[in-house]
1. Highest mean first, what order results for C:323-329, C:295-301 on Cβ atoms within 10 Å?
2. Using alpha carbons only, how many degrees (0 to 90, rounded to 10) separate the axis of helix A:81-90 from the longest principal axis of chain A?
3. Say a label goes 7 Å from Cα toward Cβ at residue D:80 in every copy; what distances in nm does this one have to the rest, shortest first?
4. Calculated FRET efficiency, residue C:137 and residue C:3, Cβ-Cβ r, R0 22 Å, to nearest 0.05?
5. With an 8 Å Cα cut-off and a minimum separation of 6 or more residues, compute the relative contact order for chain C in percent.
6. Please report how far the C-alpha centroid of the stretch C:186-208 lies from that of the stretch B:288-327, rounded to the nearest whole angstrom.
7. What shape does the stretch C:119-269 take by its C-alpha gyration tensor, where a ≥ b ≥ c are the square roots of the eigenvalues and a/c under 1.5 counts as rounded, a/b above b/c as prolate, and the rest as oblate?
8. Would you mind checking the radius of gyration and Dmax of the stretch D:279-345 based on alpha-carbon positions, in Å?
């Protein structure tokens, strides 16, 4: 059994790691950290955790890097991960970091969006953990920068376009919508039920921090600079993410051809479903699963292509993808622990 | 008192007309039609209707055009309104039609999106009822084509751009999101609670019938052809609509200048609020009111402008706007019956 | 015009007072207090407030009791109201207190559930503001203890039973369900969207502080001691409250007779609707209105009576009832400002 | 591998069977029936079903009882199951019936609540499939009447009381609340999003058909007649059920003693969690799992005991329990396929 630690185990991505790893055939969670529940057992925080799956929460300060764990998941706030990652790597563990600390390769870009990085060397060591794009590098890595939820949905929804000659994907308009769990666990007025439960609103217009991450990866795929016009919005659901991506066509392209290109691009991917003509993805049909559902359509009247990418922000957009990455770096079946169907309804 | 009839009074826009008109100082609802409740009283269908506000539902067939009503609201399915409108006009009533039957001026455009029109002469007689754009013509009209919900949000969110030299508004990308009530009242699997309540999905991609209506009005404002790339989505709330509108800049333009242009454009409008920098609209803050909240931002990094327009789809997007139009055609205070604040939370 | 102050104007009951009073034909809100928005204008906190309805927020400390207001609404946390109420009364204002500070007549009972009272004399001066039960006393009062939301629904749902000989209403089982807004505005993990939005749970089992208030009023109606077995639960909606009340029958009683007794009891009440046989109340049909919908049924198989009482917890359960009380103490039409129909859907 | 058929595979309990069985280590779904999707593959109805888990839907009429399946799950409307069950048993399959057709032992009681039974002999053959109560009989059975959702929550929440001398459990008041999925899949106005999504309401007051089922089992446990005063309500969530159960005490009993009795009663049960003092169950913490969370409290002030029982109506209240029963009748590990943690949030 792979012995796993979860840092930040009582936040939403932490809890989701517990859920997925508890059902994983090759993993045992041997400990976690939690600010609010330090010293307690997981079953005290969550009555649904049974005796066989129980483990203890440590405070961050008492954490012992000489633990005999094999792998650590860092579900920590941005800024805390980089420091911990270094300690864990030095202690011989492999690390999957779910924060944004290690996703950008260029320290200058990082600095512009997040401020000065505390350990820029790590930026070169971390591999961007989107298996559909970087599978081979991930297999060799000991440090994974698990992608953000918005970038996951946007990159998966856009990647096939760079192989399509008739499409100009250099400046996509990306209109994204995220479930409220994306704002993290914690008491905030803006994400309280009464303020957010019957509303819908944009936020972070023009300056969301996931933008440089998307641009890094899309530029890489394009082999030229890609800039995104990105607007995120909050949907009153607990899980789910939709990115609606608009790009102009350079020449005639049928929806059928575009759909075939997507299907071909993802032919061997276990978690990607390209939907047939006339069927559009719905967050309700991926909830709780590691799947990404994609649809592509061409607006012949205006000469633009629309791609729609749907994931569960906590699974393929965070903890599920982290486990997929862990499977790869630990040499296991990539889909292990991740084959569960979505919970519908 | 103005004596009003409501055709289709037990659908969502019909019920909303009842709610608004019951609180209107100058109007009495004297009757309605309803397929399911014909012969019954309104208070039987809705226990919240009190004795003083009660009225009787007629079946469509028994309707008497010699009724002594002054004005009729048609909250009927598309296709049924045009026929009824003609009868009512002939009987001397003024008519506000909430369907799409009379919104397009060009019978050929109508034919392309809806099929052959049954009474194309009416298309020339009806005035497009967006008071912020066509107030003077509305005052003179006896037949109002009340705008669709998506067009209302999109036109109000885009109109000021045509006065801004640095903006290329000829081909906006419009990503819209509508509450589920937009799908109408009625039993459908796709809008059942369990199928739609925890989901979010696009629909009608590339071919929603509100497109020609937007393009007619925007082209008119631009004095040249405008084409929209339009994608609607369903939000799991009962009321609310957000349109996020993206247009490229031709030259430098600050967000401040853009915001001032919006503020100036709507300076005297009682129902439009242009929000200050850093504040973005939220459907929760217009629910139940006739207001439209607008925000405008410039993405300097990519040279695009983003405008966000929020309404309650059943009020400013339907029944509230219908009452606003009625106030104008009947020579009353434009805001009468429409000054209620939104229900928050 | 009646000049009104709102203390705690940015909490949910405060905002609801603003909404209702803004639409009231005889009232102008001349000021409010707010911890978070002191010094700002109401329109800054809520973009939907227009120029004509705007007012300024004061910090609690700067409040001037020599203000020329006629009436003050106290939407303050429990414990703060009693002190402020005394100052306002001394300055000649009438006071409607929405907190629990003044609802219990007996200082000992108050002490047992809330701790020592800071101004027990006020307990004797305040009139319990349930107009359907205490209308005449309310008209004479200058200090109103506005009832709690649970007691309002339970007392209105139970009161007619004490006139029915065949019913033993001395020990009702009361199972209540409240919208999340009942927990107040403020950032709490338990009322965050993700924790509460797809859940349903009891809380405060056996010891909710609204119990003594119900028992005081029900005992008064019964002219003997009434004890309630009360369990509150949280419904994932923003507004609404249901109390399901179970009492044993002493002798045969038909549902028809029971229903007639309810109808008779509330014959002249403008806000109460007793529903016909086979129709049961729904929070969706009172949302935003001051109505209370009641149904009563007899389970002949087991010999028990079930009464169901539904209100909007923020309106009839708080701010609407407060305005109804203000209308009475200021000698206005009892229904002024409160005739709006619910917002459905 | 156990070869399973699912009758009614595209209703909510059918889909949930697909989800659970797809993750079951010992089962392969080899076919299903569906009215709407007959002739299609499961992956066409649900894009989340992958190639390895796909199967074909047959129309009910074409079903071949000589199929080589080992077990059949009947997720059919009430009334259709009994006929099919007989055919399948004759063909040598074991049958788990999720309908109400076979739950009542007494044909007269069945007749009174449902009408004349078409195959009363089956009533004697079927074992009531609540493993926590009837585990040994289930192991020997070839025909299981899977309990209703309300009875499951109520029986599990009440059963330990019959061992507690100080409690009078002969006439419990049972106030239950169910998620909307309990109303089944299908287009109904009352369960549409806009009608039900922001409401809460009782239904079936005094005459819900699950009453005789509860009374049969509780009377059996009590060894004397038990009658329940039962009121169901609809919660606006897709999954979850809460039963709040009130019984009077005959003599002093502490909450601690009651809680210990519950804990002892369910000591070896893998799916039951008795919560510690001060912690109350929440549907959000069982969603998607086969767990039942129980709390028990004593109201010393009034001398009543309150038990609260929470399940996911589609899992422990339907499809999860059906799989638990199948595990028992097929001689597998009782928890196989059912160990997944709930999806939270």
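Read-outs throughout are calculated quantities, based only on the coordinates presented, and are distinct from any laboratory measurement. Quick caveat: nothing in here was measured; it's all calculated off a predicted structure. Reconstructed Cβ throughout: ideal geometry from the backbone, glycine too, with neighbour counts over all protein chains shown.
1. Packing order, densest peptide first, comes out as C:323-329, C:295-301.
2. The angle comes out near 60 degrees.
3. 3.2, 5.2, 5.9
4. About 0.35, to the nearest 0.05.
5. 17 percent
6. When both Cα centres are located, 34 Å separates them.
7. It is oblate, given that a/c is not under 1.5 and a/b is not larger than b/c.
8. 14.9, 49
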